[in-house]
Amino acid sequence: DGVVVFDLECISKKLELDKSVIYQLIDNMDDGPSKLSIRKASQQGKYQDIEREWVGLSKQYVENDLPISSSCWVRLVSWDVAVFFFRASTSFLFFILRMLWNVMSTYPIPSLVIGTVSYIIYWIRNKRKTVVALRMQVTEIQNLAYDKLVSDYNEGEGCAALHLRDDIVHELHPGDNAKRKHLIASVWPRVCAAVRMDNRVRKTRKNVRGKSLEWWEWVAEARKPSRGYHQKIE
């Protein structure tokens, strides 16, 4: 019944008192019989030892008269509320899953068609979001590269595309290796493709310390810095 009980024999040994003395103490207490109860183990093995007696607070006293501090009461109520919502949410989830299973078992082919179409729609929408986000990143990185070509490198003499890439990705994400890899693998190749089609940038090759590198040089009139120059690309 949820009430904590203690072995009466162990208590008597600990206090060095006979069981009869403990019975008398309980009877002489103010409302002792209503506060404390002595129980014998049931034949069904409720306490796992049918030869022993157990003493503890009575269920009536615990439910009606046991003093509880306000903080403890708040914790108990909070726990009950949390348990209620957890059980309600799990019951609702199991109900939904059971209903879906019943529908799928009853109408397998329509359920399969609807599930497949729903997944395809979800995949297309997610793919579109990914493509839009990638295009925005390409535009921002391209504008940042143009700004650096115009103002930052060798007084307008250009820069190796590889060096420009490394400078940009380390400037945007100095402590995030995963994001730098994403920019290098997914964004920068598209930036290169866009720059190679832009006639405002002269594309040549130069030997830099024994390596032949693609060299970009801004040849058009000076442009205004892009708004994305100081924005961190996520």
Original post:
R0 = 25 Å: FRET efficiency of Leu97 with Arg75, Cβ-based, nearest 0.05?
Top reply: 0.15
Subject >> All Cα pairs of the stretch 126-188, percent lying beyond 16 Å >> reply: 48
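For each pair in Lys129/Lys181; Lys148/Lys206; Lys148/Lys179; Lys148/Lys203; Lys179/Lys211; Lys127/Lys181, compute the distance between the two Cα atoms and list the pairs where it is over 23 Å. Kindly include the intermediate steps, with their values, before the conclusion.
Numbers: Lys129/Lys181 20 Å; Lys148/Lys206 19 Å; Lys148/Lys179 21 Å; Lys148/Lys203 15 Å; Lys179/Lys211 27 Å; Lys127/Lys181 20 Å.
Going by Cα-Cα distance, Lys179/Lys211 fall outside the 23 Å limit.
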Subject >> Packing-based ranking, highest mean first, of 203-216, 128-141 given that Cβ atoms within 10 Å are counted >> reply: 128-141, 203-216
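Read the figures in this text as sums done on the coordinates, not as results from a lab. From a predicted model like this one, the values you see are computed outputs, not experimental measurements. Methodologically, a virtual Cβ is constructed for each residue, glycine included, from the backbone with ideal geometry; neighbour enumeration extends over all protein chains shown.
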